[in-house]
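The values are calculated or read from the model by the stated rules, or taken from the named source; none is laboratory data. Fair warning: this is a prediction, and the values are worked out from it, not measured in the lab. Cβ atoms come from the backbone with ideal geometry, glycine included; neighbour counts cover every protein chain shown.
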Number of protein chains: 2
Amino acid sequence: MQRHFADDLIRRQRELEHPLCVGLDPHLDRIPALFRQGSMEPSAPRTAVAIEAFLAAILDRLGDRVAVVKPQIAFFERLGWRGLEVLARIVERARGQGLQVLLDAKRGDIGSTAAGYAAAYLGPQAAPTCDAMTLNPYLGRDALAPFLATARECGRGLFVLVKTSNPGSGDFQDQRLEDGRALFEAVAEALAKDAHELRGPVTGWSSLGVVVGATYPGESERVRARLPHSLFLVPGYGAQGGDASAALKGFVRGPDGRLEGGLVNSSRGILFPPGSDTADAAAWEGAIDEALARAIGELAEASV
Amino acid sequence: MQRHFADDLIRRQRELEHPLCVGLDPHLDRIPALFRQGSMEPSAPRTAVAIEAFLAAILDRLGDRVAVVKPQIAFFERLGWRGLEVLARIVERARGQGLQVLLDAKRGDIGSTAAGYAAAYLGPQAAPTCDAMTLNPYLGRDALAPFLATARECGRGLFVLVKTSNPGSGDFQDQRLEDGRALFEAVAEALAKDAHELRGPVTGWSSLGVVVGATYPGESERVRARLPHSLFLVPGYGAQGGDASAALKGFVRGPDGRLEGGLVNSSRGILFPPGSDTADAAAWEGAIDEALARAIGELAEASV
């Protein structure tokens, strides 16, 4: 059977009873003592080794307790080509243990270049092959088209930036258009037809999703009104200040009565919780397990 | 003396008497017979070898006839980590022969992630170290701030997408705001203060530049009115249908009477001109030299 990103994700989330996504953002200056190697110069081979060991250990802690991880490619690019090599191995490892991988790359470019990015990360010959990726809409709909074609063909997911979690997201996204809509609402509306077409046969959720920050719950509801079937990727939960109920704004009741319709990302809150900067393996594992259990618990409870 | 991207570029362009920038977009399916290796599977090591040999030969043809090259990172990412390794070596080679390197990456992300990208490509420990890069403004001004800080500190250049060359650029960039401006004009205005601050001591041109497509000359003039000191990166000349005089809209008369104030990019027109898909080295060199001479001639003539 043809895979479908949104169907696969929602079915797994229903089993797990929470929408947590763990962001893999290996900040060089926050890698715990247990994994650090030397002074962590970005292009040093041993830095790449340290980052890979850290992320592999994180994946071990996640086990089968989450549906999806979200590597932020900037932190891998920061290490040069060795970072991309680590990314490829971590993506393969995550998928090998049954996790979906959403690559946070926020790419956007004109036609032939967009096709290059789509092929690089989502296509049949991609390396690494990811299940979904994030996109920037500024260049317009023709720049999204090659990604949509690949998503359709290979069953992948896309998340287009609509309303981001940062304080400055209002500078352009909130600009009021002459017809009264905010720009981010116009972007959401421009996606509606494709989002409808990419709905999954099992759950009805669409593989064309959007990014809507947990820090802007009011805006989430306005996006949901325009895109009833799009999954929301919600960054900004935890470290960036959004709480669980704000993160779930725009989610809707699923068949089991729980809120569903997206993934709520936590990166630093899971990767670098209090007590995790230690050289003691058991203490480190305990700190990660505790942070993960707390985030899952908060989101599961807020979803009921 | 502290380097300054815009000063360095404009002084070199005044010596060369043309604003041509050569885009390094190694489309996998267009590599000439002289360099192709096997079936060019994207992740095969020999594909990376072929791409590197092709681009090194292109750099040899460019010699000291242009000021700047613009690698499009998507085509390197297409090859996986080996592609980034090739990019690093090509960037180093180009800079070693005195070319400036403008990385076309169109990155944009929230604060800490943006800082990661800035460090990856522009900072003192970057690998590869580029002279400038392209950015996407959709996330807002705080997402541009880490790039501006690095540009200021290290003398690098930035080019923010304002009005792109693709047919669909109007979808969002041309949206009319309630105050009557188009969105792209609001983006240009939001850059004005920083652009003024990043002016070079020698030429007065700013290292905070913008991307304005050759396919939209009217819009170029509206951007120039708002950003009198910003360099324009003009894509869309040649293969995308913009002609030399359209590409120079928004340029202004320099001290020598020639039009200046930006760089006009040609990628496919120089890399894959008619007659260049040959296994004959002399014929290939002739085709590239001819395409280069024609583009330089057209732009030099239109600049007078």
Query raised in the report: Going through region A:261-293 one residue at a time, which ones are of a type outside the set (S, T, N, Q) and within 18 Å of A:Pro235 (Cβ to Cβ)?
Result: A:Gly261, A:Gly262, A:Leu263, A:Val264, A:Arg268, A:Gly269, A:Ile270, A:Leu271, A:Phe272, A:Pro273, A:Ala291, A:Leu292
Query raised in the report: Do you know which of the residues in region A:127-143 that are facing chain B (nearest Cβ under 10 Å) and without any contact (Cβ under 8 Å) to a residue 40 or more places away in the chain is nearest to the chain's Cα centre (by Cα)?
Result: A:Asn136
**Report entry** Count of region A:75-84 residues which are free of Cβ contacts under 8 Å to residues at least 40 places away in the same chain and within 7 Å of chain B (Cβ to nearest Cβ)
**Finding:** 4
**Report entry** Any pair with Cβ under 7 angstrom, 6 or more apart, that starts in region B:210-221 at a residue that is without any contact (Cβ under 8 Å) to a residue 60 or more places away in the chain and ends at one that is among the hydroxyl-bearing types (Ser, Thr, Tyr)
**Finding:** B:Val210/B:Ser230; B:Val212/B:Ser220; B:Gly213/B:Thr164; B:Gly213/B:Ser165; B:Gly213/B:Ser169; B:Ala214/B:Ser165; B:Ala214/B:Tyr237; B:Thr215/B:Ser165
Requested in this report: Enumerate the pairs (first residue in region A:182-197 and farther than 14 Å from A:Val211 by Cβ; second residue anywhere and of a type in the set (Lys, Arg)) with beta-carbon separation below 7 Å, excluding pairs fewer than 6 apart on the same chain, so at least 6 apart or on different chains.
Outcome: A:Ala182/A:Arg176; A:Glu185/A:Arg222; A:Glu185/A:Arg226; A:Glu189/A:Arg226; A:Ala190/A:Arg141; A:Ala192/A:Arg226
Requested in this report: Quick one: which residue in B:Arg95, B:Arg78, B:Arg82 is of a type in the set (Lys, Arg) and more than 19 Å from B:Ser267 (Cα to Cα)?
Outcome: B:Arg82
Report summary line: Going through region A:91-117 in order, the residues found to be crowded, with 18+ Cβ neighbours inside 10 Å, more than 7 Å from every other protein chain (Cβ to nearest Cβ) and in contact with an Asp or Glu (Cβ under 7 Å, 6 or more places away or on another chain) are A:Gln100, A:Val101, A:Leu102
Query - A:Ala119 of a type in the set (A, V, I, L, M) and under 24 Å from B:Phe184 (Cβ atoms) - result: no
Query raised in the report: Scanning region B:225-265 for residues that are in contact with a helix residue (DSSP H, G or I) (Cβ under 6 Å, 6 or more places away or on another chain) and of a type in the set (Gly, Ala, Ser), which turns out modelled with the highest pLDDT?
Result: B:Ser230
Report task. Collect the residues in region A:32-62 that are surrounded by 20 or more Cβ atoms within 10 Å (Cβ to Cβ), assigned to a helix (DSSP H, G or I) and within 14 Å of chain B (Cβ to nearest Cβ), keeping them in residue-number order. Result -> A:Thr47, A:Ala48, A:Ile51, A:Glu52
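Each row is one residue, and each column tells you yes or no for (1) closer than 16 Å to B:Phe184 by Cα; (2) in a helix (DSSP H, G or I).
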site: B:Thr203; (1), (2): no, no
site: B:Val211; (1), (2): yes, no
site: B:Ala214; (1), (2): yes, no
site: B:Glu221; (1), (2): yes, yes
site: B:Arg224; (1), (2): yes, yes
site: B:Pro228; (1), (2): yes, no
site: B:Phe232; (1), (2): yes, no
site: B:Ser245; (1), (2): no, yes
site: B:Gly250; (1), (2): yes, no
Query raised in the report: Which of (1) touching a His at 6+ places or on another chain (Cβ under 9 Å); (2) more than 21 Å from A:Leu99 (Cα to Cα); (3) among the aromatic types (Phe, Trp, Tyr) does A:Phe272 not meet, given it meets every other one?
Result: (2)
Report task. Would you check if there is a residue in region B:154-164 being β-branched (Val, Ile, Thr), more than 9 Å from chain A (Cβ to nearest Cβ) and surrounded by fewer than 24 Cβ atoms within 10 Å (Cβ to Cβ)? Result -> no
**Report entry** Criterion violated by A:Pro201 - all others in (1) under 20 Å from the mean Cα position of the chain (by Cα); (2) more than 7 Å from chain B (Cβ to nearest Cβ); (3) over 20 Å from A:Val223 (Cα atoms); (4) modelled with pLDDT of 95 or more satisfied
**Finding:** (1)
Query raised in the report: For region B:99-109, does any single residue satisfy the condition of being more than 17 Å from B:Phe54 (Cα to Cα) and in contact with a His (Cβ under 8 Å, 6 or more places away or on another chain)?
Result: no
